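**Student:** Take this structure, written in structure tokens, and hold onto it; I'll ask about it next.
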Amino acid sequence: MNLYELAQPGVITNPASHVEYLTMVLKENINQASVTKAISEITNVQKSVSQKDNTCNLSITTGFSANGWQILFPNIEFPEGLKPFEEMKDGNRYFPATAGDIFFMIKSSRLDLNYQAAKYLVKFFSGIAVATEDIQGFKYLDDRDLIDFVDGTENPVGELRYKSILVADGTYKGGSFLTIQKYIDKQTMWDALSVEEQENTIGRTKMDDIEIDEDKKKPYAHNVKAKLTVNDEEIKMLRQNRPFGNALEHGTMFVGFIANPEHMVASLKQMITADENGNYDHLLDFVTATTGTNYFVPPQSFLDNVGG
Ligand code: HEM
């Protein structure tokens with residue numbers, strides 16, 4: 001089997017026009033039979049909601065945090081490298097670490113069907129977990145964030161995508177590490193910048209989404225600070241970000257898949273930490289991270305086996 005055939009389908013595909021993000025925290029004293037039952041319902045929900053409209057490409061991607069895994073699957077090999085999200089601080093910038101044991105990302109072209117899938121997941125998992133957050137993300141214009149820049153352009157495609165985000169061998173070949181952060185935009189402050197200042201902050205042009213030349217890019221640009229190079233090799237991640245919210249409060253769900261979770265930590269540290277010249281990622285002056293959680297998204301066969 002090819003690596004990408006082992007992955008849960010939603011991991012390797014682009015974000016859909018509607019995406020629902022459901023976070024759950026486990027209850028106390030859960031029993032193994034209810035865990036198996038709940039996991040087995042994921043495929044049932046996916047099948048029964050999808051069949052209402054086969055054109056909507058509904059997928060449910062399921063991840064487990066380190067704490068979640070230890071409680072749900074105490075007798076199953078722990079995914080090497082899975083760690084809780086590390087809180088980070090520098091200056092007045094802050095990445096909080098927040099609770100989450102199970103994470104679902106429901107993608108399709110229909111908000112109503114995503115909602116229905118989420119509703120049933122909440123119901124079927126209610127014996128073992130409580131849903132603590134349910135965010136509905138959407139495609140805005142030509143894949144823009146609500147700060148009006150196109151997001152996802154530099155994502156890897158084809159073989160490079162699979163290599164960058166999927167575990168290459170071992171028990172969990174085809175699995176992926178996922179970091180979720182919910183960001184709220186400081187829209188008024190962002191809108192007060194000139195277009196040139198906004199472009200310098202992101203490192204790309206606003207309207208045409210073209211990368212600014214290396215010699216003109218600012219050292220504090222988001223695409224300078226988020227880009228990670230290890231031993232002269234650029235490390236890629238797959239960002240399936242989507243905006244969410246309304247005109248009063250909104251932001252971006254950062255949804256980052258990567259094969260080596262240490263690289264995600266390094267990239268986040270690079271963004272938040274002021275270097276020797278005082279440069280950090282200036283995008284962080286205009287957005288506030290309100291959540292931060294790490295998950296492991298096991299290969300599809302893991303869910304099929306656990307769910308029986
Ligand atoms: C509010 C949160 C965020 C927003 C609005 C945002 C937006 C963007 C935009 C507009 C781009 C340029 C277009 C593209 O290549 O996709 C970009 C690039 C990128 N972002 Fe973010 N981003 C956010 C958070 C993050 C976080 C938390 C990371 C984690 C490390 C990250 C990693 C990257 C990477 C690796 C690139 C590509 C850099 C390159 O190779 O040029 N972003 N982001």
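Read-outs throughout are calculated quantities, based only on the coordinates presented, and are distinct from any laboratory measurement. These figures come from a predicted structure and were not determined experimentally. Because the Cβ atoms are built from the backbone with ideal geometry, glycine has one as well, and the counts that use them run over all protein chains shown.
**Student:** Go through (1) buried (at least 18 other Cβ atoms within 10 Å of the Cβ); (2) assigned to a helix (DSSP H, G or I); (3) polar (S, T, N, Q) for Thr179 and report which single condition fails.
**Tutor:** Result: Thr179 fails condition (2) only.
**Student:** Something else: List every residue pair whose Cβ atoms lie under 9 Å apart, where the two residues are 6 or more positions apart in sequence or sit on different chains, the first residue falls within the range 146-164 and is touching a residue at least 12 places away in the same chain (Cβ under 8 Å) and outside any loop (DSSP other than H, G, I, E, B), and the second residue, located anywhere, is β-branched (Val, Ile, Thr) and within 12 Å of the ligand (Cβ to nearest atom).
**Tutor:** Pairs found: Ser164/Ile235; Ser164/Ile258.
**Student:** Which of the strands (runs of 3 or more DSSP E) found entirely inside the range 204-308 contain at least 2 residues meeting this: closer than 21 Å to Phe149 by Cβ and out of contact with any His (no Cβ under 9 Å at 6 or more places or on another chain)?
**Tutor:** 250-258, 287-289
**Student:** Name the one entry in Lys182, Lys139 that is closer than 30 Å to Gln300 by Cα, within 13 Å of the ligand (Cβ to nearest atom) and in contact with a Ser or Thr (Cβ under 6 Å, 6 or more places away or on another chain).
**Tutor:** Details: Lys139 fails: within 13 Å of the ligand (Cβ to nearest atom).
The unique qualifying residue is Lys182.
**Student:** Look at Gln198 and say whether it is part of a strand (DSSP E or B) and of a type outside the set (A, V, I, L, M, F, W, C). Lay out the reasoning, then the answer.
**Tutor:** Numbers: part of a strand (DSSP E or B): no; of a type outside the set (A, V, I, L, M, F, W, C): yes.
When the stated conditions are applied, Gln198 does not pass them.
**Student:** Moving on to the next point. Taking into account only those residues within the range 231-244 that are touching a helix residue (DSSP H, G or I) at 6+ places or on another chain (Cβ under 7 Å) and more than 8 Å from the ligand (Cβ to nearest atom), which is nearest to Glu20 (Cα to Cα)? Walk me through how you get there before you give the answer.
**Tutor:** Of the range 231-244, the ones touching a helix residue (DSSP H, G or I) at 6+ places or on another chain (Cβ under 7 Å) are 235-238.
Now drop any that are not more than 8 Å from the ligand (Cβ to nearest atom), which leaves 235, 238.
Working: Ile235: 27, Leu238: 18 Å.
Per the criteria, the residue is Leu238.
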